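Structure first, commentary second.
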Amino acid sequence: MEFVFLTGMSGAGKSSAASAMEDLGFYCIDNIPPMLISSFVDLAKKGELNLSKIAIVTDIRSGEAFKNIEDVFKKLSDD
């Protein structure tokens, strides 16, 4: 399973990048709150969603929850 995380400042081209990822066969999720990423990844890994390539867009729009994005990435890399 392949995961790509897209993040950046407003106007940086995240939506355009997500569209390009969709063209490459990725299932894209835009503006998912960071605390839901682990749950989504768990579902995807179990095969319940039948997805092999996933691009996740998350950024400062998540407000205070974005402060913990590094913890989310660390947890995912530890799994």
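Numbers below:
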{"read-out": "Loop-located trypsin sites (Lys or Arg not before Pro) in the chain, at most 13 other Cβ atoms within 10 Å (DSSP)", "value": "46"}
{"read-out": "Test item: Cα-centred dipole of the range 6-63, Lys/Arg +1 and Asp/Glu -1 on Cβ, debye", "value": "100"}
{"read-out": "The chain - percent relative contact order, Cα under 8 Å, separation 6 or more", "value": "41"}
{"read-out": "Residues of the range 1-39 with amide N under 13 Å of a point placed 7 Å along Cα→Cβ from residue 53", "value": "1-4, 18-28"}
{"read-out": "Fraction of accessible area attributable to carbon and sulfur, the chain (%, probe 1.4 Å)", "value": "53"}
{"read-out": "Within the chain, GluC sites (Glu not before Pro) in DSSP loop having at most 12 other beta-carbon neighbours inside 10 Å", "value": "48"}
{"read-out": "Fully extended contour minus Cα-Cα distance, from residue 31 to residue 7, at 0.36 nm per residue", "value": "7.7 nm"}
{"read-out": "Cα Rg, Dmax, the chain, angstrom units", "value": "12.3, 34"}
{"read-out": "Contour excess over end-to-end distance, with Cα ends at residue 64 and residue 24 and 0.36 nm allotted per residue", "value": "11.2 nm"}
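The values are calculated or read from the model by the stated rules, or taken from the named source; none is laboratory data. Note that the structure is a prediction, hence the values are computed from the model and not measured. No Cβ is skipped: glycine too gets one built from the backbone with ideal geometry, and neighbour counts run over all protein chains shown. The protein model used for the area step is the full one, side chains on, heavy atoms only, and it has no ligands, DNA or RNA in it. Shrake-Rupley method; radii C 1.70, N 1.55, O 1.52, S 1.80 Å.
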